[in-house]
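The values are calculated or read from the model by the stated rules, or taken from the named source; none is laboratory data. What you see is a predicted model; the values in this text were computed from it and never measured. Cβ sites come from the backbone with ideal geometry, for glycine too, and all protein chains shown count toward neighbours.
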Amino acid sequence: MLSPEALTLAEAKVPRYTSYPTAPHFSPAIGAAHASRWMAAIDDTHPVSIYIHVPFCEKLCWYCGCNTSIASKYEPVRHYFETLLKEIALARRTIGRRLRAGHVHLGGGTPNALNAADLAALARALREAFRFDAQTRFEVEIDPRTLDYSQIAALKEAGVTRANLGIQDFDPRVQKAINRVQSFELVADKLAKLRAAGIASIGMDLIYGLPHQSADTIEATIDQSAELGAERIALFGYAHVPWMKPHQKLLEPEGLPGMRERMALVEAAHQRLAARGYTRIGIDHFAYPDDEMTRALREGRLRRNFQGYTTDMADTLIGFGPSAISAYAQGYAQNHTRLDQWRDAVDRALVPVARGIQITDEDRLRRAVIERLMCDMEADLDAICRSHNAASHALDHFRDEIGRLDFMVRGGLVTIDGTKLAIPEAARNFVRVVASVFDQYIENSKAKHSVAV
Ligand SMILES: C[S@@+](CC[C@H](N)C(=O)[O-])C[C@H]1O[C@@H](n2cnc3c(N)ncnc32)[C@H](O)[C@@H]1O
Ligand code: SF4
């Protein structure tokens, strides 16, 4: 049982830990020169991951927290795309070798804001710059409303292995309130076409915490997603951050669920997902027991990166496009977020990095603790300290943190057995709060995050 004091932590504003240190701690001290050196030094004995950010959509969803903009004509998309191809060629020259691509992820925004010809050209450019093979996983985020048949053919031709569809909720009243209307029939039709083209691995994104949602609507949405054969479902808690995304205020007159209602929604959703045969992975992913991600969880190989949970084992991630973040052995580097600044840098043949952070051994150690907690809901501090050659014993190294966890242990959010931390099932939604105890940057942080649950 969680104590009432512990339950108040549901409203704690903590990072999602898709990296550590987290993006608000990146600084302009890291720029093109650092990133170029880090790229030239990539270890080519392992495959790398590639992320492409496409910062365009046709229409704004009012809940959207992504880095995107609305393109009513193709002209700005074409202009962006020309720069993207230059950025890929620049990276190839900077790296100086043709690295093996393990995972490729097109995200955004909406990758299918690119027309079929440009999707095909992007795949060719990536294959020229990187080596693809039978093991390469190629995943694309898709807005089903705007996916056309020529794009499906281009994605198949490109070698796409998984399509991840933005669904959010199938209820018409919810869809209207969030300015994202897409019928079940429309999604079913696009899925049938994707499958006919051989793209059979399907994931879906859902959100809880939106206006007009109830246990009934969310259960119906899960049933419909399962009927459409989603192998993986990501169920995100709606992140209301109107200080960063002012358009989200458009949802407020519709009435946003409060903390108690959010907890009831997520509880109903979890029960339905379990009843439908999905295994819970980390905080917000669900997959069938025989899915690659569920296997990775069972075998302790699950990882967390900027796309959330992943089976991708690569330590190097090269991000392209505005705002994309790269992860190198030495640290993180984020591209300029503004299109014009990103384009200016690429036009001057500079790796378009605006900020980043060099990471220390201490960061790597803490990152491992946070990643294991976020993925496995447990972490053995002693084993992690030893594998990172920490100078002191785990109990000494993390003395302060263990002291600060005391309140959470009493509240039922975490158990400590020797050096082993474990998050009880009932406290899983609070893992970000427990992980934040190991975050050395958070105390001085001015960053505002979304609520924990
Ligand atoms: C880049 S979008 C997916 C592709 C495409 N743009 C679409 O919406 O269909 C990534 C996902 O982020 C999630 N998302 C966006 N804004 C969010 C927010 N404020 N809170 C929680 N999840 C959000 C949605 O589930 C969305 O499907
Ligand atoms: S949710 Fe997807 S389609 Fe909607 S505005 Fe955001 S990125 Fe675009």
Out of Gly203, Gly198, Gly209, sole residue that is closer than 25 Å to Leu106 by Cα and within 13 Å of ligand 1 (Cβ to nearest atom): Gly203
Members of region 208-232 found to be closer than 24 Å to Asp290 by Cα and either among the charged types (D, E, K, R) or within 16 Å of ligand 2 (Cβ to nearest atom) (or both), listed by number: Glu219, Thr221, Asp223, Glu227, Glu231, Arg232
Hey, Ala32 among the hydrophobic types (A, V, I, L, M, F, W, C), touching a residue at least 60 places away in the same chain (Cβ under 8 Å) and either more than 30 Å from Gln135 (Cα to Cα) or away from ligand 1 (no atom under 16 Å from the Cβ) (or both) or not: yes
Check on Tyr20, closer than 30 Å to Ala123 by Cβ and either more than 16 Å from ligand 1 (Cβ to nearest atom) or assigned by TED's automatic domain parsing to the domain that holds Arg97 (or both): no
Matching residues in region 219-242 - criterion: being free of Cβ contacts under 8 Å to residues at least 60 places away in the same chain and touching a Phe, Trp or Tyr at 6+ places or on another chain (Cβ under 6 Å): Thr221, Gln224, Ile233
Single condition Glu58 does not satisfy, out of (1) within 12 Å of ligand 1 (Cβ to nearest atom); (2) in the same structural domain as Ala427 (by TED's automatic domain parsing); (3) of a type outside the set (A, V, I, L, M): (2)
Hits in region 1-57 - residues which are of a type in the set (Gly, Ala, Ser), in a helix (DSSP H, G or I) and modelled with pLDDT of 95 or more: Ala32, Ala33, Ala35, Ser36, Ala40
Matching residues, region 68-95, being within 16 Å of ligand 1 (Cβ to nearest atom), closer than 20 Å to Ala125 by Cα and without any contact (Cβ under 8 Å) to a residue 60 or more places away in the chain: Val77
Which listed residue is under 23 Å from Arg16 (Cα atoms) and modelled with pLDDT under 95, from Arg301, Arg372: Arg301
Residue that is within 10 Å of ligand 1 (Cβ to nearest atom), surrounded by 20 or more Cβ atoms within 10 Å (Cβ to Cβ) and at pLDDT 95 or above, where the choices are Gly65, Gly102, Gly109: Gly109
